[in-house]
């Protein structure tokens, strides 16, 4: 039996013997090993791969839809905006929504790319920044306790702006005005239409106001929505009519929809201060811009921007209080905080309040302020409120010094508030590993170092344009850092994908 079983198995063994050529067997085994290696590497990559950032996701969706000029602004200013949003703690959905708005609605309204070899005369001389970059970013620290928010401002600029076919950049301004309400349906255009028409009436189109810019736009970037503001220059009509900028602004406001004489108390107080300042023998205040919120006029603020060429802190005290018209414990404490930040920014610890800053001969030298008020609301809401814009680009030691000085100041305000206080943001309620540094200052330093080169930040100034401060209830300072995303100082343009 055993022999019989053995005989039956022999043919089977012979039948299944290898009959393939050795070269083919070798190929199959090699292919199997390659597939196993590929599967292993894919698994490892899947385990180590980080999720796409909002910037990368939006870039992958829109990059083929942008022309080379739009690509230039997206890869530079758009990337800087993305870094600020991410470090400010915006959620992914908000980052994507804001970046899509920027890519689709803004990049096409910033003019020609500043490409290597391109003649500089092709660039529109925007008054937005000192080097004519038509966009400015900002990081609103609030008082250092709340989570920061991000904003940006632009001057709409056409590809042919300044050239023979569009010498006054009128085409882009008109197109952008039509585009904003389409992109942001809640935008109220009533005051915009009024002030644009008023400041343009009788204007000599060949007259310049030290710069060719006519209208700026700004966008506040919320987690849920985007709101807009507009800025107008009264100097063109003033020159054409022989009136002062203050007179033109007064006439424009008085004629605005929803404005009645009894609502002008705050403006009248400011106008009185302007006259009093000049009568005291000081150089006249230079009223540069009028700004509005693009919302129902009964809720909108009016903001008048003016420049004082005096650079002593004593002049700051006098201006922030509008010559003693705005006083109280909150203002006293706010000015003390402002003095501390001022001294840190300009190395003036222990200096007398009458010590001026260094000399700077420039159109934007001196100190910029605005005064804001509303026509409606309570008497307190209608009261004028001053805000200072410290031009650190002219007077600070370096941008690294500005980052450190502002960060340290915000850390101090945050430290005063954090003990036992619930902010509603668990991230801000946790003491950071860095010790006494606030989450906001850590995030800002990281963002700034991501966007710009170490050399540019440490050895030069100009990336920060202004540090703005306003006194809040309780005497804390609300602080905003304004940033010029200068292309030549970017650490790297985001890589093309």
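The values are calculated or read from the model by the stated rules, or taken from the named source; none is laboratory data. Since we're looking at a predicted model, the values are computed, not measured. Positions of Cβ are backbone-derived with ideal geometry, glycine not excepted, and every protein chain shown enters the neighbour counts.
Go through the stretch 272-306 and give me each residue that's crowded, with 19+ Cβ neighbours inside 10 Å and more than 20 Å from residue 184 (Cβ to Cβ).
Listed by number, the residues that qualify are 273, 274, 277, 285, 287, 288, 289, 290, 302, 304, 305, 306.
Given the condition in a helix (DSSP H, G or I), modelled with pLDDT of 95 or more and surrounded by 21 or more Cβ atoms within 10 Å (Cβ to Cβ), answer yes or no: does some residue in the stretch 109-128 qualify?
Checking the stretch 109-128: at least one residue is in a helix (DSSP H, G or I), modelled with pLDDT of 95 or more and surrounded by 21 or more Cβ atoms within 10 Å (Cβ to Cβ).
Scanning for something in a helix (DSSP H, G or I) and either surrounded by fewer than 19 Cβ atoms within 10 Å (Cβ to Cβ) or in contact with a helix residue (DSSP H, G or I) (Cβ under 9 Å, 6 or more places away or on another chain) (or both), does the stretch 149-171 turn up at least one residue?
yes
Can you pull out the helices (runs of 4 or more DSSP H) entirely within the stretch 253-354 that have at least 3 residues that are more than 26 Å from the chain's Cα centre (by Cα) and modelled with pLDDT under 95?
The helices (runs of 4 or more DSSP H) meeting that bar are 265-279.
Count, please, the residues in the stretch 459-497 that happen to be over 22 Å from residue 414 (Cα atoms), modelled with pLDDT of 95 or more and over 17 Å from the mean Cα position of the chain (by Cα).
Number satisfying all stated conditions: 0.
Checking the conditions here, which among 349, 276 is free of Cβ contacts under 8 Å to residues at least 24 places away in the same chain and assigned by TED's automatic domain parsing to the domain that holds residue 230?
That would be 349, the only listed residue that is free of Cβ contacts under 8 Å to residues at least 24 places away in the same chain and assigned by TED's automatic domain parsing to the domain that holds residue 230.
Which residue, of 225, 188, is surrounded by fewer than 16 Cβ atoms within 10 Å (Cβ to Cβ) and over 25 Å from residue 307 (Cα atoms)?
The conditions single out 225.
Could you please let me know if residue 363 is in contact with a helix residue (DSSP H, G or I) (Cβ under 6 Å, 6 or more places away or on another chain), modelled with pLDDT under 95 and within 30 Å of residue 275 (Cβ to Cβ)?
No.
Out of 405, 336, report the one residue that is in contact with a helix residue (DSSP H, G or I) (Cβ under 6 Å, 6 or more places away or on another chain) and under 29 Å from residue 436 (Cβ atoms).
Answer to the selection: 405.
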